[in-house]
Amino acid sequence: SDRRIYDQISIFGSSIVWYRNMIPHNQVFYSLNFGMTSDREYFRSSYGSTPPVVKNLIIINVLFFLATYVSGRTFGLDLTSKLALFYPASENFRPYQFITHMFMHGNLTHIFFNMFALWMFGRVLENVWGGKRFFTYYFIT
């Protein structure tokens, strides 16, 4: 008897499902379904939502942006001078800035397009690579 194995990718929000049918003698053939059947529901939990690492990175970025904005308006504290990355010879340089500068954004347009790109490409990479590998990739690049 044959078994059906499902593979799926998402392209601009449309899912493509492969039916990889295993037949005798280990031959494989593919048929395509463009997300129009109930099989799409099967993948909704893993491919239809934002994966946890991407979701948490977006939340952290937005929190840093809001903290920078609110602290500047309310307390007159410039978090950019503390958390942005400065040249190592600068008197403003701190080692923790190698990490914190990744979460700093200049304005609303900057954070919007960065988070949009993270959501668009990061969720695909995290679904393919897994959370640990994507997290490592995010911090190395």
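The values are calculated or read from the model by the stated rules, or taken from the named source; none is laboratory data. Here the structure is a predicted model, which is why all the values come from computation and not from measurement. No Cβ is skipped: glycine too gets one built from the backbone with ideal geometry, and neighbour counts run over all protein chains shown. Areas reflect the complete protein model, heavy atoms only, side chains present, ligands, DNA and RNA absent. Shrake-Rupley method; radii C 1.70, N 1.55, O 1.52, S 1.80 Å.
Report every pair of residues separated by at least 6 positions or lying on different chains whose Cβ atoms are under 6 Å apart, first residue within the stretch 97-117 and free of Cβ contacts under 8 Å to residues at least 40 places away in the same chain, second of a type outside the set (S, T, Y) and open to solvent by 40 Å² or more (accessible area, probe 1.4 Å).
Q97/L85; H101/L85
Going through the stretch 87-123 one residue at a time, which ones are surrounded by 14 or more Cβ atoms within 10 Å (Cβ to Cβ) and either in contact with a strand residue (DSSP E or B) (Cβ under 9 Å, 6 or more places away or on another chain) or assigned to a loop (DSSP other than H, G, I, E, B) (or both)?
Correct list: M104, H105, R123.
Results for (1) surrounded by fewer than 10 Cβ atoms within 10 Å (Cβ to Cβ); (2) at pLDDT below 50; (3) of a type outside the set (G, A, S), shown as yes or no for each residue.
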site	(1), (2), (3)
P24	yes, yes, yes
Y30	yes, yes, yes
R40	no, yes, yes
S45	yes, yes, no
P52	no, no, yes
I60	no, no, yes
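Looking only at the stretch 64-86, count how many residues are out of contact with any helix residue (DSSP H, G or I) (no Cβ under 7 Å at 6 or more places or on another chain) and open to solvent by 40 Å² or more (accessible area, probe 1.4 Å).
Counting residues in the stretch 64-86 that are out of contact with any helix residue (DSSP H, G or I) (no Cβ under 7 Å at 6 or more places or on another chain) and open to solvent by 40 Å² or more (accessible area, probe 1.4 Å) gives 10.
So, A117, is that one out of contact with any Pro (no Cβ under 8 Å at 6 or more places or on another chain) and modelled with pLDDT of 95 or more or not?
In short, yes.
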